[in-house]
Structures are given as structure tokens and as C-alpha cells.
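Asker: Take a look at this one; I'll ask things after.
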Amino acid sequence: MVNLQCFKMKGLRRVVKQIPNILSLSRIPLLFSITGCLFAKFPSRYAVSFTLGVAASITDYLDGATARKFNATSDFGKLFDALCDKILTVGIFISFIATGIYPPLFVFPTLIVLSREFLVTGLRMIAASRGVVMAAERGGKVKTAAQMFAICAILFSYALEEANVSDTGVLNTVLYVLIKPIRLASLAMFLFSSVLALMSGYTYLRKYSYLISDPPTTCTTSRSLASNSTVGRATSPASKPYDIISSSKANARPSRASAVSIKPEASDPICSPALPAPPPPKFD
């Protein structure tokens, strides 16, 4: 009975630790739901889209909060949290342009945001291949918050217009007057988020620029290690002959891990491939 309870507790802990990842991945079906509502022709489509947009914004906050609360932070969560944010925001912006919510000229800032997201995602892939996890920076989080505000604000303005809010009554008058300012604020916030995208992209490239350059070759590392070992032998006290022979045999056999993926440099005489032996002399 005790073992069964322990098994249930372990299973429950595994499920709880997957909640942040589930919240992050839920933004992808929310994107398709919002896009489907924008293209569909049914009453209250903008109200439904606004509700789904608010839900997507809440999941962006809850995934990080639950991960910190339940100590469920992982490399997968750090990577896919930022990736799902990019898929959601860029997908909704493209839907806005396609449905006429944004003017056609807004395709240029959308392309700027899209290019930045592709570059940063490629840098994340390079970092992941080298065992480095690029977590979301503060500038990227502010950019995502500005984008989500722009999305929810313009959907809210269209939801008010869809509800036939007129200038009759105090509340209706206030809401009717706020439609255009909210819409203009959404467009301005979208342009501001595009500028933030460029700035945060430059911050990522400057911080992780060392990942773009190739790592040092194993030959150079082996040469430095050999020079250090030579200096150590010179400064160490005299050892016995058989110790020198055993140490030379040990140094002559490099480990398998150090021998993997050795790329010789053409300019390095030690690492360059050996030339073929000259032919033997011919005697007449």
C-alpha cells in the first residue's frame, strides 16, 4: 500500500512538472483558433478572438510562474516558451494583415519582426547544439508584452464595434469614443514592438556572438597541453627511467574522447597531414 502511494505521488509530480510545458504549447492551438475566428463570418467573432487572445497572454505569464513555483524549470521549457511566443505573435500579425485589420504597409514591420525571430531562433539552435540554452532576455519579454498588448487592444476595439456600441447612453458613449484611440494605440504599440524586436535581437547577437565562431581545434588544445606537460616535467624532480618510459607510453596513447572529430589546420605544421615518403634511390 505504501509503495502504491509512493508511485502515485511520483506520477503526480511528473504531471505537475509538465504543466508549464503544456501551457506553453497551448498557445499554438490558440493561434489557430484566433485565426479561424478572424476568417470566419459569424456574430461575435471579434469578441471570441479577443477572449482567446487574453487567454494566450495569461498562459505566457502562467507557464513561467508555475515553473518557478513547482521547481519545474527545464531546458525544453526555456526553449519552447520563447518559440511558442514567436509562433503566436507572428501568426496573429500575419492574420491581421490578411483580414484587413492592419493596413497593407504594416507588412514591412511584420517582415522585420519575422526576420528577427528567425535569426534568434537559428542562434538558439546553434546554442542548443553546443549545450548552451538561451533563455528569454528582459528585452525580449518586454517586446512580447508589447506585442500581446497590441493584439488584445485592437481585437477589443473591433469587439466594441461589433457589439453595435453607439453614442446613446453614458457607458456606450465612453466606449464609442474610445474605439479609435484604442485602435491607434494598438497600431503605435505594434510599431514600438517592432523597434524593440530589433533592439533585443541585437542584444542576443552581441551576447551570444561567440557561438557563431568555430570552437578551437583539438590539435591546438593538444599542443597546449603537451607544452604544459613538458614544462611540468622540466620543473619536476628527476624520476626513474621506467617512470619516464611509462609516462611516454601513456602520452603516446591519446584518449578516445580527445581523438574524436580532430580537424587538422592547413597552416599548422603539426596538425597537417604527413607527406608521402620519397621513393628509394635507384642504383644503376
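The values are calculated or read from the model by the stated rules, or taken from the named source; none is laboratory data. Everything numeric in this text was worked out from a predicted model, so none of it was measured. Quick reminder, even Gly has a Cβ in these numbers, built from the backbone with ideal geometry, and neighbours come from all protein chains shown.
Asker: Go through region 35-81 and give me each residue that's hydrophobic (A, V, I, L, M, F, W, C), surrounded by 18 or more Cβ atoms within 10 Å (Cβ to Cβ) and under 28 Å from residue 123 (Cβ atoms).
Answerer: Within region 35-81, 56, 67, 72, 79, 80 qualify.
Asker: Quick check on my filter: what residues within region 82-108 are in contact (Cβ under 8 Å) with a residue 60 or more places away in the chain and buried (at least 19 other Cβ atoms within 10 Å of the Cβ)?
Answerer: Result: 84, 88, 89, 92, 93, 95, 101, 102.
Asker: Identify all residues within region 120-140 that are part of a loop (DSSP other than H, G, I, E, B) and either closer than 12 Å to residue 80 by Cβ or modelled with pLDDT under 80 (or both); write none if there are none.
Answerer: Of everything in region 120-140, those that are part of a loop (DSSP other than H, G, I, E, B) and either closer than 12 Å to residue 80 by Cβ or modelled with pLDDT under 80 (or both) turn out to be 133, 134, 135, 136, 137.
Okay, residues lined up against (1) in contact with a strand residue (DSSP E or B) (Cβ under 7 Å, 6 or more places away or on another chain); (2) surrounded by 15 or more Cβ atoms within 10 Å (Cβ to Cβ); (3) among the small types (Gly, Ala, Ser); (4) at pLDDT below 90:
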residue	(1), (2), (3), (4)
169	no, no, yes, yes
200	no, yes, yes, yes
217	no, yes, no, yes
227	no, no, yes, yes
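Asker: Would you confirm, using the coordinates I've provided, whether residue 13 is farther than 20 Å from residue 152 by Cα, in a helix (DSSP H, G or I) and modelled with pLDDT of 85 or more?
Answerer: Answer is no for this residue.
Asker: Just to be sure I understand, how many residues within region 72-106 are closer than 18 Å to residue 150 by Cα and not in a helix (DSSP H, G or I)?
Answerer: Adding up the residues that qualify gives 4.
Asker: Return only the number of the condition from (1) surrounded by 13 or more Cβ atoms within 10 Å (Cβ to Cβ); (2) within 22 Å of residue 89 (Cα to Cα) that residue 138 does not satisfy.
Answerer: Unmet condition: (1).
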